[in-house]
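The values are calculated or read from the model by the stated rules, or taken from the named source; none is laboratory data. Because the structure is a prediction, the values reported are computed rather than measured. Cβ placement follows ideal geometry from the backbone for every residue including glycine, while neighbour counts extend to all protein chains displayed. Quick note on the areas: whole protein, heavy atoms, side chains included, nothing else; ligands and nucleic acids left out. Shrake-Rupley method; radii C 1.70, N 1.55, O 1.52, S 1.80 Å.
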Amino acid sequence: MPKVTDEHREAMRTRIQDAALACFFRKGFVGASMADIIKEADLSAGAVYVYYSSKAELTLDAARRIMEQRAAELQDFGTADEVPPPHEVFPKLLDTILHDAPFAPLLLQVWGEASHSPDFATIAAEIYHELIARFEAYLNVYFRRSAGLAEGVAQARAHQIAPAVLALMQGAIVQTAIFGDASHARITDAVEAMFAQLVD
């Protein structure tokens, strides 16, 4: 019997997660069943259950994946020759999120599940702490290297602002979900204008 490689396992997990995300997008986390996911993945039930023993396990893995993908959008600017300003970095990140059609609605579902599921709340908290840390690291570098603030002042300001950045991004996602794609440009323009105040 041929040996199953790590690459094959990862590819299968990704295939199943992709199927789950498609089903979650159409039916929601609660509405989508394992039977729906198995059909979407075009695999046998046995093949799916090799990798995921339950819908809950798969749901948590898929939720972690969609949130971690966006956490990785912020690169490390610590060694960059030039550090772009917040009114370029954060609206660009937000625009990426809003253009990824399945992602923003799925985020809302994750947040909803986190309000009553300890497992989801744990995952959300881990990713949010990582996002805030990435926002803070970028802002610290920007305030020191591009805005000319002293190291301690830059770090304190970055630490103070980073949670508000996450809150603003979350609010923009919610508004777009409620008001629709027509509000996309207005919201990103408003976010850009607000972040522009940081360099004044």
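For this structure, a couple of remarks:
- Taking 0.36 nm per residue of separation and subtracting the Cα-Cα distance, full extension of the segment from Thr5 to Ala45 would add 12.3 nm.
- Helix-only arithmetic for the chain: the sum of -39500 (n - 2.57) across DSSP H runs with n ≥ 4, divided by the residue total, places the mean residue ellipticity at 222 nm at -26000 deg cm²/dmol.
- Full extension of the chain between Ala133 and Arg26 gives 35.3 nm of extra length, using 0.36 nm per residue less the Cα-Cα distance.
- Of the whole protein surface, His129 contributes about 130 Å² of accessible area at a 1.4 Å probe radius.
- Spin-label model distance (nm) - Phe179 vs Ala150, 7 Å beyond Cα toward Cβ: 4.1
- Between the listed residues Pro86, Val165, Ser115, the Cα displaced farthest toward the positive end of the dipole of the chain, a dipole computed from Cβ unit charges relative to the Cα centre, is found at Ser115.
- Cβ charges +1 (Lys, Arg) and -1 (Asp, Glu), total dipole of the range 14-65, debye: 120
- Debye, to nearest 20: dipole size of the chain, +1 on Lys, Arg Cβ, -1 on Asp, Glu Cβ: 400
- Calculated FRET efficiency for the pair Glu126/Asp18, C-beta based, R₀ 22 Å, to 0.05: 0.50
- Each label point was placed 7 Å from the Cα along the Cα-to-Cβ direction; for Glu57 and His99 their separation is 3.7 nm.
- One chain, two ends: Met194 and Ser115. Fully extended at 0.36 nm per residue, the span grows by 25.6 nm beyond their Cα-Cα distance.
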